[in-house]
Amino acid sequence: RNLIDGDMASAWRADAAGTDWVELQLAEPVRVDHLPVWNGDQASSTSFAAADRVTEALIYFPDLDKAYRAPFEDIDDNFRIDIPQAPTADSIRIKITGTSGGHDITALSEIEALVSTAPLAE
């Protein structure tokens, strides 16, 4: 819930031996064009420095069996991940494949799934 709550001061956290993926369930199938991401714990500069940030992830669409490798920026702000060929999906799994920082936890503050303005095929 902290990953998609619209509050950059909250964060999804995983310990070093814990969960290495998150899944976004969308209300209905949509064409996913890009993902704005707020990496790390964005609550404060102290919390940002105290948690690992994701350096790379696999963006996977389970219902389509399509995946895209995406680098994550290590910035105290948001960045955009463009999704090639804007697939239509109702879920997105983000499998973390790399982190940096050497801390006991990894954090992500927010991810949004934004859709293309192109109409869906009938």
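Yes or no, residue by residue, for (1) exposed (fewer than 12 other Cβ atoms within 10 Å of the Cβ); (2) polar (S, T, N, Q); (3) modelled with pLDDT under 95:
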position: 28; (1), (2), (3): yes, no, yes
position: 31; (1), (2), (3): no, no, yes
position: 45; (1), (2), (3): yes, yes, yes
position: 62; (1), (2), (3): no, no, yes
position: 66; (1), (2), (3): no, no, yes
position: 75; (1), (2), (3): no, no, yes
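How about segment 71-90: which of its residues are farther than 19 Å from residue 22 by Cβ and part of a loop (DSSP other than H, G, I, E, B)?
The answer is 75, 76, 77, 84, 85, 86.
Identify all residues within segment 91-109 that are of a type outside the set (Gly, Ala, Ser) and not in a loop (DSSP other than H, G, I, E, B); write none if there are none. Write out each step before concluding.
Keep residues of segment 91-109 that are of a type outside the set (Gly, Ala, Ser), which gives 92-97, 99, 103-106, 108.
92, 93, 94, 95, 96, 97, 99, 105, 106, 108 - these are the residues of segment 91-109 that are of a type outside the set (Gly, Ala, Ser) and not in a loop (DSSP other than H, G, I, E, B).
If residue 68 satisfies every condition in (1) in a strand (DSSP E or B); (2) closer than 20 Å to residue 109 by Cα but one, which is the exception?
Failed condition: (2).
The values are calculated or read from the model by the stated rules, or taken from the named source; none is laboratory data. All of these numbers come straight from a predicted model, not from anything done at the bench. Note that we place each Cβ from the backbone using ideal geometry, even for glycine, and neighbour counts take in every protein chain shown.
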